Every structure is written in structure tokens, then in C-alpha cells.
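What follows is one structure encoded as C-alpha cells, with my remarks underneath.
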Amino acid sequence: RYVAHIQLATASASFTVGDLVAADRSVQNAISFAPSAVAYQAQANIATRYLQQIAASTTMSVTEARQTFQSTLSSGIDAALTATRLAPSDYRSWLTLGSLYAQAVPLSVAGAFESANTAYEKARALNPTNPEIPYIMAQLDIAHKDIKAAQEDLEATIALKPDYATAIFLLSQLQVQNGQL
């Protein structure tokens, strides 16, 4: 467990500086010594960062990007699902799972929105006073083009934390788009 903890610390440091290869290697080492929900969450977060890089890449062919995206998404979801099985009452595992599914929503992948929403709802049920969760759900609603639901989630965020500046700003942007000056 000690070695796994050290490997996770190394993975975190590598992730912070953007060295995803080293971070992934360290997480794999941590999992080999002592599998834990935190290690699988880290693995899923690395996959999320890879997905963002793939989506932003201009050097990959469309076919290569699609295949790499699909395999990375699949392995990330597997890691996040393992984290939810190891620690079903840890809301962070559910947020991580939702985040991975949310990566596929703008690409109109069938079932991605529903899966992300379900994971986020589970996280909200486990941590109902966290204003970050409805804020994240609002972002998911915006990606799904459901502005009314996004506004409701932002209002819930602001009800939990009245000085949540990014939520207030995003809500004001949505209201302006809807002509609610």
C-alpha cells in the first residue's frame, strides 16, 4: 500500500505538469501494488485528459482520431466503473465516470448524455450540498443543448453557494441568449 501511495503521488505530480505517459505508468504501478478507487479515478482522469488532447489534435487523421478516441474512452470508462465498484459511496468516482461520458456528448454518441447524467445524479445524491455538481450538470445540459435544464441547475448551484461567480456568469450568459435582459 505504501508503494502504491508513492506511485499515486508520482502520478499526480506527472499529471500536474502534463506528462500523461509518466502519470499513466505510475497509476498502473499503483494499481498493480494495491488497487484502489483513487487509483482508478486517477486512471480515468488521465483518460479524460487524453480525450481532450485527441479532440484538439490537428495532426491525427479523422479515422485515427476516432479509433484512438473510442479506445481511450472505453478504457477510461472501465477505470471509472471499477472506481465506482470499489467505492460506491464516493461521489468523486461518480463525477469521474460522468466526466468521461460527458466527453462524448458533443459528438452525439448515443447514450452518452443519459449515462453522464445518471452518474452525476448519483454523485449529487451522495453529496447534495456540493455546488460543483449541479454546475457540472449545467455544463452537460448546455452540451446537450437543453438550456432550460442548464438554467435550473445553475440556479440550484447558486442556491447552494450564492457567491459562485462562474455559475452566476454562466447563468447571466444563458439569460442574455434567451432575451431575458
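Please indicate, with yes or no, whether at least one residue in segment 64-81 is in a helix (DSSP H, G or I), among the hydrophobic types (A, V, I, L, M, F, W, C) and open to solvent by 60 Å² or more (accessible area, probe 1.4 Å). No, because not a single residue in segment 64-81 is in a helix (DSSP H, G or I), among the hydrophobic types (A, V, I, L, M, F, W, C) and open to solvent by 60 Å² or more (accessible area, probe 1.4 Å).
From the list Ala143, Ala149, the one residue that fits, being under 18 Å from the mean Cα position of the chain (by Cα) and within 14 Å of Ala116 (Cβ to Cβ), is Ala143.
Among residues of segment 36-50 that are over 9 Å from Ala83 (Cβ atoms) and open to solvent by 40 Å² or more (accessible area, probe 1.4 Å), those with a Cβ under 8 angstrom from a residue that is β-branched (Val, Ile, Thr) and in a helix (DSSP H, G or I), sequence gap 6+ or separate chain, pair up as Asn45/Thr96; Tyr50/Thr72.
Considered as a group, the residues in segment 118-148 that are among the polar types (S, T, N, Q) and open to solvent by less than 80 Å² (accessible area, probe 1.4 Å) include one that is farthest from Leu174 (Cα to Cα), and that residue is Asn127. The set of residues from segment 82-111 being touching a residue at least 24 places away in the same chain (Cβ under 8 Å), among the small types (Gly, Ala, Ser) and open to solvent by 10 Å² or more (accessible area, probe 1.4 Å) comprises Ala87, Ser89, Ser99, Ala102. Of all the numbered requirements in (1) closer than 25 Å to Asn117 by Cα; (2) not in a helix (DSSP H, G or I), Gln52 misses one, and that requirement is (2).
In the set (1) surrounded by 14 or more Cβ atoms within 10 Å (Cβ to Cβ); (2) closer than 27 Å to Pro134 by Cα; (3) β-branched (Val, Ile, Thr); (4) out of contact with any Leu (no Cβ under 6 Å at 6 or more places or on another chain), the condition left unmet by Thr16 is number (1).
The values are calculated or read from the model by the stated rules, or taken from the named source; none is laboratory data. Owing to the predicted nature of the structure, the values given are computational and were not obtained by experimental measurement. Positions of Cβ are generated from backbone atoms using ideal geometry, with glycine treated the same way; all protein chains shown enter the neighbour counts. SASA here: full protein model, heavy atoms, side chains in, ligands and nucleic acids out. Shrake-Rupley method; radii C 1.70, N 1.55, O 1.52, S 1.80 Å.
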